[in-house]
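See below for the structure under consideration.
The values are calculated or read from the model by the stated rules, or taken from the named source; none is laboratory data. Computed from a predicted model, the values in this text were never measured in an experiment. A quick note on method: Cβ atoms are made from the backbone with ideal geometry, for glycine too, and the neighbour counts reach across all protein chains shown. Heads up: the accessible areas ignore ligands, DNA and RNA and are worked out on the full protein's heavy atoms, side chains in. Shrake-Rupley method; radii C 1.70, N 1.55, O 1.52, S 1.80 Å.
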Amino acid sequence: MDFVFKELSDAIWLHEYFIKKNQTITFYETAFQNQKQYILTIDNHKVSIQEIQSGFIQFILIKKRMDWARDILKEYFYYKEESEQDNILDIVTEMFDGERPELMKMVSVMNDEVMIREAILSLFHDHKSISFDSLIKFRLKKYFEQLIQYVEMAIDEYKMEQEYQVFIQMLRDYLANRKACMDTVRIYFGEYGKFYSKEYQELSKEQISEMIDRRLITNHPIYIDSVTIAPLLSIAPKNIYLYADSADNGLIRTIQNIFEERVILLEKEQFWKEKNRYPINH
């Protein structure tokens, strides 16, 4: 059985895959209509159809999937910068690896291996010579359509992340020029964040309101959290102690991103231990 490729790297990948499996395969170069072609020949009397199918599935999942995703970025969405492509493809990879569940809720989840296996199931039984490019064009159309969905979702996420980074940098710039109203602030996260002084005295809403720079709310009403972020930026403390059950919280991550090394994350139990030991409370 012969497999015909236009790309040398594709032929080499599959050749090495079968060699590592100690399976009999030959590889040679030929020309057709003045174009080079690369042919892999597998003796299907020595290598089972199931083994050949498995090899092709792994080839598509490991090598071709991201090659195709990059092509989609360039040809469908006109992303030409390699660095941008890499950033978007990182998101696509995370989606396939199950690391972006929030994005997977918004696309049709595809089982790659099942889709590919169904697409090529009869192919190896019916043909003695198979063009890989024809396989892509005719057999994997649905797979491509779903891959485009994944790439499109990754682009949207990338754009949002870029906007977020610009937003974070703008707030860092604001902070750099802001004089500290308090040296230290403690925030205890329960149902919402409660502000405390260095001496563990809770700050009233009126106290916090007096310190807020109203320009933050006026200029960025959509993006600025008026309950936590705006007060923190306005106070501009040198040290921020955050007491929370988990760091896996969007608001806490944003505070860490803005204030960077000023933030110290602690468990909630630590707050009460420290508060109860503090002299002012005795």
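Here are the numbers for this structure:
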read-out: Highest-MSF residue in the chain out of L89, L232, L266 [GNM, Cα springs under 10 Å]; value: L266
read-out: Relative contact order of region 8-154, defined on C-alpha pairs under 8 angstrom at six or more residues apart (%); value: 21 percent
read-out: Relative compactness, region 180-268, computed as alpha-carbon Rg over 2.2 N^0.38 Å; value: 1.00
read-out: Equivalent ellipsoid semi-axes - Cα gyration tensor, the chain, angstrom; value: 59, 20, 15
read-out: Long pairs among K36/K137; K21/K137; K21/K141; K20/K137, criterion Cα-Cα beyond 23 Å; value: K21/K137; K21/K141; K20/K137
read-out: Candidates K20, K63, K141: whichever shows maximal mean-square fluctuation once the chain is modelled as a Gaussian network with Cα springs under 10 Å; value: K20
read-out: Region 91-96 - phi-based ³J(HN,Hα) in whole Hz, Karplus 6.51/-1.76/1.60, Gly and Pro as x; value: 5, 4, 4, 4, 5, 5
read-out: Span from the region 119-186 Cα centroid across to the region 224-247 one, whole angstrom; value: 30 Å
read-out: GNM result for the chain, Cα springs below 10 Å: residue of F56, F18, F32 fluctuating most strongly; value: F32
read-out: Estimated FRET transfer efficiency when R0 is 41 angstrom, pair D133-Q165 (beta carbons, to 0.05); value: 0.55
read-out: A176 versus L121: modelled label distance in nm, points set 7 Å from Cα along the beta carbon direction; value: 6.0 nm
read-out: Accessible solvent surface per residue of the chain, calculated while the other protein chains remain in place, 1.4 angstrom probe, Å²; value: 59 Å²
read-out: Gain on full stretching of the segment that runs from E113 to Q53 - 0.36 nm per residue minus C-alpha separation; value: 20.5 nm
read-out: Taking region 149-210 and dividing mean pair separation by its residue count, relative contact order in percent (alpha carbons under 8 Å, at least six apart); value: 15 percent
